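Structure first, then comments.
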Amino acid sequence: MDIKKKYTAFAVMVLLLMGLNVNAQTMSPLNTYVQKVRIGLVDEFFDRFNGKTSHPDIPITNDDSRKNNLLMLLDLSQFTSKNDPHFAEASDMMDKAIKDSIHINFSDTTWAAIAHCKGTLDSKSIKFDLFLTVQKRTRNMLKWTIARADGSIFNITPRNDNDKIMLNPDDHETNFISLKRMTAEQPFNIEKFMSRGFNYEATSVFTYLVYSGKLKIDYVDDLEFVFTQIPGYIFHIKYFEREKNNAGWLISNFYKSTKENTNAFLGMLHSHAIIDDVSTSVDPNKEGEKNRETVGEKDTLATKNYKEMFMKRRYEKIGQLCDYINFMQSKDTIRSQSVYQNKMIALFADSTKVQLRYSRKSKNCVVSVPELCKMIIHKSIKVVTIDSLCVPNWDDKINTLTPDINRVELSSSIYSFKQLQESDNLAVSNYSQILYAYKEETEDGVEWLPIFGDIVVNVK
């Protein structure tokens, strides 16, 4: 082994030991090295796993660079040392990934998100999990969908296993009067009244509780992702917030899995996929006719709902604005901050002016949206609250536009966030800035999406 390879092997071993050393000295939050090596986004994990990017300290020219980069995707604190048998199992898993040339893609049906939720059910705090999978929206677009709900709150296991709990064989002679008693006196034993082979499904209960307004999701308390792409293995990733070279989105857990067990897990996630495919299948001989009919129906529906969808999207984008500011202030990796910066800039017109209001009026100033984002990321300011925002107004002329027009100018109004917090209705006042909306085709049909204008924020 030449000197260069010896040095590289030694450096990789040092990296692994640094990660394994749970009690290692913490680094400064401003340490650029930690910022550089942290896997701040799930997309970054994908890129590292697929070999598109690598750990800054592992040269791609190294013979073992692929294996060492994969090992650095592990949460190394779960191992006692490099001689830990569990670490050897992880090494075997990575060897399998390399041998089979495994890549993971966002569009894969072989991975899922697990959102550990906290919510409210009939005024009581509850916990439950949601499994989410990626599904196609259109030919080139994807979306997350809820595949399964899981939690004790969805259980309908009967309290009493007595065989005498039933609808009597002569109940038909009394117009099944026992049905009323069943719901009034024994709702907790409902499963005992169902036919043999009744297929209870927690996700349907979740759907009903949300639909009826009984269940509210307050927030996602924790998030993890599960991957089944490596044959014979399943692994999970979670976010680890710590000042180490081994931080961010890392493999938190992994285990061997038979093909039958993996297929059973995927079957649980995609139990309705075949039904969905059949319902949307098209006879090749009538494909053109079917497609014309579908598009026509979709466009008609979208035209009727232009205003409703415009107002809904405007409200959603206001919420996104608040989220992007919070994310830029809380995230500490350059890539993650850059992602949210670009998302925030896309909400606004290029001419937007941002008025910064400090506690001392003499410091007030006006900047652009990109400048605001840079100030937030560099910690030169902290956004305390958003005071007001200029937004476009709906105009019925949109309904009369020809199909070739993709952008329309609109009058604007000011939304006061203070009054929004104090009432259910956003306070609106007219404003002279001319804004616009642009047309986009989504899964709901053609929509007109608003672009924001001038904004006033309180900072310190």
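The values are calculated or read from the model by the stated rules, or taken from the named source; none is laboratory data. All values derive from a computational prediction rather than experimental measurement. Because the Cβ atoms are built from the backbone with ideal geometry, glycine has one as well, and the counts that use them run over all protein chains shown. Accessible surface is based on the protein model in full, side chains and every heavy atom, while ligands, DNA and RNA are left aside. Shrake-Rupley method; radii C 1.70, N 1.55, O 1.52, S 1.80 Å.
Table for the structure above
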{"quantity": "Residue ID - most open to solvent (accessible area, probe 1.4 Å), chosen from residues in segment 231-241 that are part of a loop (DSSP other than H, G, I, E, B) and farther than 25 Å from Lys127 by Cβ", "calculated": "Pro231"}
{"quantity": "Identity of the residue in segment 349-381, under 30 Å from Ser411 (Cβ atoms) and small (Gly, Ala, Ser), that ends up farthest from the chain's Cα centre (by Cα)", "calculated": "Ser351"}
{"quantity": "Pick from segment 245-264, criterion within 27 Å of Asn69 (Cβ to Cβ) and hydroxyl-bearing (Ser, Thr, Tyr), ranking: most open to solvent (accessible area, probe 1.4 Å)", "calculated": "Tyr255"}
{"quantity": "Selected residue [out of contact with any Ser or Thr (no Cβ under 7 Å at 6 or more places or on another chain), within 20 Å of Phe452 (Cα to Cα), modelled with pLDDT under 85 and of a type in the set (Ser, Thr, Tyr)] from Tyr324, Tyr306", "calculated": "Tyr306"}
{"quantity": "Residue pairs meeting the criteria (Cβ under 8 Å; at least 6 apart or on separate chains; first more than 17 Å from Thr110 (Cα to Cα), in segment 37-61; second open to solvent by 40 Å² or more (accessible area, probe 1.4 Å) and among the hydrophobic types (A, V, I, L, M, F, W, C))", "calculated": "Gly40/Ile334; Leu41/Val339; Ser54/Ile60"}
{"quantity": "Residue selected from segment 405-442 under the condition outside any strand (DSSP E or B) and open to solvent by 80 Å² or more (accessible area, probe 1.4 Å), by the criterion modelled with the lowest pLDDT", "calculated": "Glu422"}
{"quantity": "One residue from Ile104, Ile156, Ile114 being in contact with a helix residue (DSSP H, G or I) (Cβ under 9 Å, 6 or more places away or on another chain), open to solvent by less than 60 Å² (accessible area, probe 1.4 Å) and closer than 30 Å to Glu441 by Cα", "calculated": "Ile104"}
{"quantity": "Conditions (1) open to solvent by 40 Å² or more (accessible area, probe 1.4 Å); (2) modelled with pLDDT under 90; (3) over 20 Å from Gly40 (Cβ atoms): number failed by Lys397", "calculated": "(2)"}
{"quantity": "Looking only at segment 215-230, and only at residues there that are open to solvent by 80 Å² or more (accessible area, probe 1.4 Å) and either charged (D, E, K, R) or not in a strand (DSSP E or B) (or both), the one that is nearest to Ala97 (Cα to Cα)", "calculated": "Asp221"}
{"quantity": "Number of positions in segment 26-42 that are at pLDDT 90 or above and open to solvent by 30 Å² or more (accessible area, probe 1.4 Å)", "calculated": "0"}
